[in-house]
Structures are given as structure tokens and as C-alpha cells.
1. Using only the alpha-carbon atoms of region B:454-526, report the extent along each of the three principal axes, biggest first, to the nearest angstrom.
2. Quick check for me: using +1 on Lys/Arg Cβ and -1 on Asp/Glu Cβ, what's the dipole size of chain B about its Cα centre, in debye to the nearest 20?
3. With N residues in region A:128-286, what two-decimal value do you get for its Cα radius of gyration over 2.2 N^0.38 Å?
4. In whole angstrom, note down how far apart the Cα centers of region B:119-177 and region B:379-413 are.
5. Would you be so kind as to identify which of B:Tyr257, B:Gln378, B:Met350 lies farthest towards the positive end of the dipole of chain B, taking Lys and Arg as +1 and Asp and Glu as -1 on Cβ and the Cα centre as origin?
6. Please work out the Cα center distance from region B:196-224 to region B:343-372, rounded to the nearest Å.
7. What trypsin sites (Lys or Arg not before Pro) does region A:55-139 have in DSSP loop regions with at most 13 other beta carbons within 10 Å?
8. Distance between Cα centroids, region A:175-238 to region B:454-508: provide it in whole Å.
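The values are calculated or read from the model by the stated rules, or taken from the named source; none is laboratory data. Bear in mind the structure is a predicted one, so any value in this text is a computation, not a measurement. Here the Cβ positions follow ideal geometry from the backbone for every residue, glycine too, while neighbour counts run over all protein chains shown. Ligands, DNA and RNA are stripped out before the accessible areas are found, and what is left, the full protein with its side chains, is counted by its heavy atoms. Shrake-Rupley method; radii C 1.70, N 1.55, O 1.52, S 1.80 Å.
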Amino acid sequence: MFKAKFSGVMRRLSCLALAAGLMIPGTAFAFREGINLPEGVTSISSDIYGLHMLIFWIVVVIGVLVFGAMIISIFLHRKSRGVKPATFHHNTTVEVIWTAIPFLILVGMAIPASQALIEIEDYRDYDMSITVTASQWQWHYEYRGEDVAFYSRLDAKSNAARQLRDRRTVDPEEVDNYLLSVDNKVVVPVDQKVLLLLTADDVIHAWWVPELGGKKDAIPGFVNEMWFEITEPGIYRGQCAELCGRDHAFMPIVVKAVEQDEYEEWLEEQREQTADSGDAADDQVTALDVAR
Amino acid sequence: MESTTATHDDHYHGPASGIRRWLFTTNHKDIGTLYLWFSLIMFFVGGAMAMVIRAELIAPGMNLVDPMFYNQLITVHALVMIFGAVMPAFVGLANWMVPMMIGAPDMALPRMNNWSFWILPIGFTLLLMTFFLPGGAPASGWTIYPPLVLQTGDAFPFLVFSIHVLGISSIMGAMNIIVTIMNLRAPGMGLLKMPIFIWTWLITAYLLIAVMPVLAGAVTMLLTDKYFGTSFFDAAGGGDPVLFQHIFWFFGHPEVYIMILPAFGIISEVIPTFSRKRLFGYEAMVYATAAIAFLSFIVWAHHMFTVGMPIGGLLFFMFTTMLIAVPTGVKIFNWVATMWRGAMTFETPMLFALAFLFLFTIGGFSGLMLAIVPADFQYHDSYFVVAHFHYVLVPGSVFAIMAGVYYWLPKWTGNMYNEFWAKTHFWLTAISVNITFFPQHFVGLAGMPRRIPDYPVQFADWNMVSSLGSFVFGISQLIFVAVIIGCIRGGTRKVDDRVWEGSHGLEWTLPSPAPYHSFDKPPEVR
Ligand SMILES: [Cu+2]
């Protein structure tokens with residue numbers, strides 16, 4: 001077991017050495033993960049992506065100017081070139097300028113940021129809603145008004161692979177979507193405004209699927225809202241984002257977006273399953289009920 | 001005290017000998033030395049925890065430790081680095097330098113000074129011994145949010161009490177610094193003639209006094225919630241877990257500036273010296289520092305944008321947070337203007353100061369991005385945040401501390417440190433700090449949450465890069481220790497009073513090494 005793990009490390013090390021040797025990232029050795037925010041599949045996630053890139057390029061430009069001035073100064077104004085130091089040490093005009101210009105840039109950033117925020121914080125006119133109750137360390141989803149409710153936990157394969165090295169029976173590298181797979185996915189229809197009502201049973205958790213845009217805390221005794229409207233069918237994965245104890249890393253979130261008719265079918269299936277297995281779902285008193 | 005010769009009168013005394021010198025000392029230099037050694041030891045204690053954390057994260061899967069122990073490590077790593085390494089280092093530098101820079105013989109409250117140091121090791125003994133208690137050390141993250149922190153085992157009261165002790169130490173240290181600066185300045189040194197390091201520490205000391213009691217109140221409320229049946233933070237009893245976050249960050253955000261304002265002060269001393277040019281825009285620097293301190297009190301909720309705040313609150317905290325970029329920018333621009341058309345040399349303190357300037361600015365940029373609420377909904381509690389605050393704390397605060405140590409070490413010891421090994425330390429540190437923390441921006445943006453001991457496989461490559469960088473960073477710090485010890489033991493040569501060609505300020509008018517009592521007679525300040 002140790003050898004297997006060690007060879008994994010060595011394999012990656014040698015890839016790294018290769019990449020460093022060639023200095024051509026992306027050709028010799030492609031890093032598997034992205035290095036940027038996903039643009040995502042909701043209006044919120046693409047708004048955020050646009051905002052993120054806008055601010056990123058603004059700070060890049062500021063960085064080029066400031067670092068450029070520093071680098072020029074480091075090369076030109078060094079004693080080894082025999083320069084004599086200037087004696088100026090004060091200039092009110094430039095102080096005013098470099099106070100005012102950043103302020104104006106900030107106003108320029110604040111306007112689109114506020115617009116996006118106002119849009120994100122509009123929870124009205126939703127098409128359907130799901131109560132999400134977090135607990136250590138699983139998610140419970142209750143489709144409001146649909147008589148469908150279930151728990152969602154880390155899937156068995158990831159669970160086997162995440163045991164401490166000498167106890168694990170599966171290599172994490174061999175598990176598809178390691179730590180990002182669950183037993184029961186959240187299924188939602190595309191092009192519908194889905195409202196989540198988030199709460200928790202024990203400690204604070206946070207619901208985060210990057211491709212749906214943003215996260216929100218699930219707080220015991222309180223109900224938080226968030227919403228998304230997915231434009232493309234697909235499977236979107238995320239994780240709990242607020243430290244919630246020992247297995248914080250092991251309570252993923254998987255959302256499956258499907259067409260409306262497929263969603264209806266799925267709901268029907270779920271209802272039948274619930275009927276088969278007795279009233280298990282009814283026994284679950286969610287914190288939402290308690291809070292009321 | 002009209003002694004004009006080298007012979008001393010009865011009141012003059014040198015240090016006691018042996019352990020008594022350190023236990024009972026009331027001398028600002030001895031106490032400064034104690035603070036600095038304590039900070040260095042804690043830097044290695046916290047660093048050892050970071051090494052275990054990065055070793056666990058070098059590859060996906062649980063490779064080394066139990067998740068619960070991992071959570072204990074991240075919690076105590078942060079507490080040790082913040083309260084044990086960074087803050088005591090700044091207090092140590094203040095103890096050494098404040099009397100020497102304002103022309104005073106010693107600190108104003110020497111006995112309290114002794115006490116404020118010696119309760120620090122007590123506080124950390126309480127904290128670190130929790131690893132050996134049933135249930136282990138606190139594992140809730142250093143932010144100790146309820147309800148999670150209330151699940152802590154026997155460690156809980158020790159955590160609360162150690163925070164109380166550390167807070168008392170900080171408050172006493174801060175009071176001492178304020179009283180010293182306000183009362184013991186040499187005649188002629190008006191407030192706007194004080195060195196910038198003195199200014200930044202004066203403002204920092206007020207921040208400490210304002211917010212450490214708030215933290216003490218917050219942890220006391222946790223204590224009564226756990227043991228005495230109150231429900232400040234329990235919804236079932238009419239309380240609110242988010243209330244704790246508001247109180248904690250009302251302390252926590254000024255705390256961030258407590259760890260960076262003295263760094264600004266050190267950089268403002270080092271850059272003019274090695275540029276051989278006066279600090280550009282002294283008054284603007286003072287006002288910018290004060291503005292940052294003021295703003296630090298009205299931005300706290302930007303640490304908790306995802307708790308579900310009203311939109312008015314989100315907008316307010318976004319705007320105030322963005323506003324901090326203005327005075328911070330003013331400081332950066334003034335430092336660049338100080339370098340501009342100077343005659344720079346690149347001794348080790350200057351190298352650390354320049355690295356600070358580049359890398360702290362990068363941390364500032366990611367901070368500005370985090371201020372944008374909609375974007376923060378994505379960044380929040382991801383590794384992007386980890387990258388951000390490590391950029392402002394490691395190449396920010398820690399590099400400034402290292403710049404300050406290399407800058408003043410010859411004055412303290414009378415010896416020059418080994419420039420070759422100091423520069424080796426610098427380059428290894430500066431390169432590895434970027435290899436460690438820059439990739440964390442990538443995995444954070446790609447969706448990796450913070451505070452997880454194991455992660456999806458697609459984050460593996462950059463995590464390995466980060467871990468390898470952190471090991472180099474950790475090992476490089478041994479060079480730092482070797483250079484310091486080498487310097488104390490004689491260094492490469494004796495230094496004169498000025499030490500640096502471009503040095504300025506009262507501390508450089510004292511002999512090297514500085515005498516046990518700094519200024520027996522107040523110096524003249526023009
Ligand atoms: Cu959780």
C-alpha cells in the first residue's frame with residue numbers, strides 16, 4: 001500500500017520535473033485542474049465570472065504600472081550605477097492624484113458589483129423550492145410541495161478510498177469524481193428558478209457548487225435563501241464549504257440538471273420509492289420545522 | 001544623573017546573571033530579546049504544524065493523520081502563528097526600538113513589561129497542552145465559531161483561558177507602548193517628528209486596547225454557553241450563532257491590521273535607509289495609517305458575506321472594504337516614490353522590504369477581489385482566501401519582521417551578520433513562499449474549499465507544488481536561525497554606530513551594541 005502511494009507521488013514528481021525542464025506548461029505536462037473560476041451554467045455564475053475577470057484585469061493593469069515603476073527604479077536608481085540620491089520628499093499634488101484616481105477606479109468597480117449583487121439577492125418569483133438541511137456529515141433535501149425527501153451522503157467508493165492509508169482498500173486516484181460523488185443526487189429541471197432554503201441541524205455548514213455560482217451558509221435555527229437557474233443539463237459537483245467537524249471534507253453536493261419531463265419522471269420514481277420504504281422521510285424532523 | 005564620564009554612579013546597573021536576568025528583568029532590551037526568541041520558537045512550532053498539514057495534502061487520500069487531528073493542526077497552527085509568532089515579534093521589536101527611537105532610557109512601565117512577556121509562555125503552555133487532553137486540541141478553526149467549537153472536548157476551557165491570558169498580555173504590552181511614546185519622547189520630538197515605526201506602533205497599540213477585550217468577551221460568552229446554560233449563540237434558547245461571528249470579526253479585522261501596521265512601520269524605516277533618501281510623503285503615511293485603523297472597525301462583516309445578510313449590509317461592508325484600498329495604495333505609492341531616484345543598495349533588509357512591497361501588493365490585489373461581494377460568494381472559504389491571507393501575512397508581516405531583524409541586529413549585537421547566508425536565506429524564502437502560496441489561488445478558484453484534509457483528485461498537482469514549496473520554505477528558516485546565532489557570536493565584523501550608510505534616526509546615534517540603558521540623557525531633536 002505504501003509503495004503504491006509512494007509511486008503515485010513519484011510519478012507526479014517526475015511529471016513536474018519534466019514540466020519544469022521544458023518550461024512549456026500545457027504542452028509537455030497539462031495540470032489536470034483548471035486555474036480559474038468556472039464560468040458555470042447559471043446567470044449568477046456567469047455574472048460573477050465576468051465581474052471576477054473585470055477586477056482581475058484591473059488589478060493586472062495596476063500591478064503592471066506599480067511593479068513596472070518599482071522595477072525601473074530598482075534597475076536605474078541603484079548606487080552601483082553611480083547615481084546621486086535626489087532630495088525630494090514631499091509633493092501634495094501627487095498625493096492628491098494617487099488618492100483620487102484609485103478612488104475613481106473603485107467607484108467603477110463598485111457599480112457593476114452592486115448591480116450583480118442586487119440581481120443575486122432577488123429571491124422573488126421562483127418556480128420551485130427545496131429545503132436543504134445540513135448535518136454532520138450529510139445533506140437532506142426536501143422538495144417542497146412534492147412529497148419527495150432524501151438524504152445525500154458521500155458515495156461508497158469514495159468512502160472506501162478516503163480511509164487512512166493503511167486501512168483503505170481503494171486508491172483515490174482510481175475513483176471517478178473522488179470526494180465529489182454522492183449516493184443520492186439532487187435532481188432539478190433546467191430553466192427553472194430553483195430556490196434553496198438552507199438550514200442545519202447541528203453546526204454551520206455551507207452549500208457550494210461552483211458552477212452554479214456562489215455559496216450560502218446553512219445555520220442551525222435559521223433559514224437562508226439562495227437560488228439558481230441552470231441553463232444546461234448536466235451534473236454539477238461541489239462540497240461543504242464551512243468547517244463542520246471531522247468529516248467536513250466528506251459531505252459533497254451533486255446536482256443533476258435535466259429537462260422538465262425527465263424531472264417529472266424522476267419525481268414520480270422518488271414518490272414510489274418513498275411509498276415502498278414506508279414513511280421514513282416523515283420521521284425526519286428538519287430544523288426548519290423546529291425553527292418554526 | 002550628571003555623569004559625563006564612562007564611570008557610572010550607583011544607580012547604574014547591568015544585567016543580573018544567569019536565569020534571574022531573564023526572569024526578573026525590567027530592561028526593555030532583555031524583554032525585547034525574550035519576545036523575539038519566544039516568537040522565533042513559536043514560528044517553528046507553528047511551522048512544524050504547517051509541515052504536517054502540507055505533508056498530508058501532498059497527495060489525495062488520507063495519507064498521514066486522522067481528519068480530526070488535521071482540524072486540530074490547522075486551528076492551533078493559526079493561533080500559534082498569530083498570537084505566538086507574529087504579534088510577539090512586533091512587540092519584541094517595539095520593546096527594543098521604541099526607547100531607542102524616541103530617545104528614552106527604557107519603557108515607561110518596566111515591571112508591567114516583565115509581566116506582559118512572562119504570561120505569554122503560560123498562555124501557550126495552556127494552549128499546546130490541549131493536544132494531550134482527552135479529545136485533543138481545539139479543532140474548530142482559529143475562528144472558533146459556535147456551535148462547532150462547543151463540540152470541543154476537555155480542551156475547551158483551556159482554549160478560552162489561554163485566549164484570556166494572551167489578550168491580557170497584549171493589552172499590557174499595548175498600554176506600555178502608548179505610555180512610553182506619549183511621555184518619554186526626547187524634547188523637541190513632536191508627534192509629527194516621530195519615526196514612522198513609532199507612529200504605526202502607537203496606532204496599533206490603540207487597536208489592541210480597543211479589540212482584545214472584545215475577543216475576551218466573545219470567548220467568555222462561549223464559556224457560559226457551554227458550562228452555565230446561557231444561549232448567546234444557540235438559536236434554541238433565543239440566541240444566534242451569527243452573533244458570535246459579528247463579535248469575533250469586530251475583533252478579527254482590526255487584528256489583521258495589528259499584524260500589518262507595525263510591518264508598514266518597519267518597511268518605512270528600511271526603504272529610506274537603503275535608498276539613501278528621505279521617506280516620501282511622511283505626513284501622508286501617518287494619515288494613511290490612521291485612516292486604515294479607522295476603517296478597520298467598520299469592515300468586519302466582509303469575513304462573513306455568506307451568512308445571509310440583508311443587501312444593505314452587504315453593500316455597506318463592500319464599499320467600506322473597497323475604501324481600504326485607497327490609504328493602502330497611498331502607502332505603496334509613497335514607498336515607490338521613496339525609492340524613485342534614490343541610490344539603492346540591496347543588503348538583506350532591503351531585499352526583504354522589496355519582496356514585501358511586491359508580494360504584499362499581490363495580497364492586496366486578492367483582498368480587493370475578495371471585497372467584491374458577488375465574487376466573494378465564490379471565493380469565500382476556498383483556497384483563494386488561504387492564498388490571500390498567507391500573502392499578506394507571510395511575505396507581508398513575516399518578511400517585514402525579518403527585514404527589521406536583519407536591519408537592527410547589527411545595532412543590537414555590535415556585529416554584522418553574514419551577508420552571504422542572509423541573502424541565501426532571503427532568496428530561498430522569497431522563491432519558496434511563492435511556490436507555496438501562489439498555486440493556492442488556482443485550486444481555490446477551481447473550487448477547492450479550505451480546511452479540508454483531503455481533496456478531489458483534480459486539485460492534486462498544484463497541491464503537490466504547494467507542499468514541495470512549503471518544505472523548502474520550512475528548511476530555509478534554519479538558515480535564519482544560524483545567521484542570527486552567528487551574528488550574536490561575533491558575526492563577520494564589528495560595526496560602527498551608524499551601521500548603514502543611509503541610516504537615519506536616534507537609534508543610530510547610540511553605540512553598537514546599544515548600551516543596557518538606552519538614553520541616560522535625552523538627546524537633542526532638531
Ligand atoms: Cu459541512
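1. Here the spans come out as 66, 31, 24 Å, largest first.
2. Details: 23 positive and 26 negative charges, 196 e Å.
For chain B, the charge dipole is close to 940 debye.
3. 1.03
4. 23 Å
5. It is B:Met350.
6. Centre-to-centre distance over Cα atoms comes out at 26 Å.
7. Answer by residue number: A:Arg124.
8. Centre-to-centre (Cα) distance: 44 Å.
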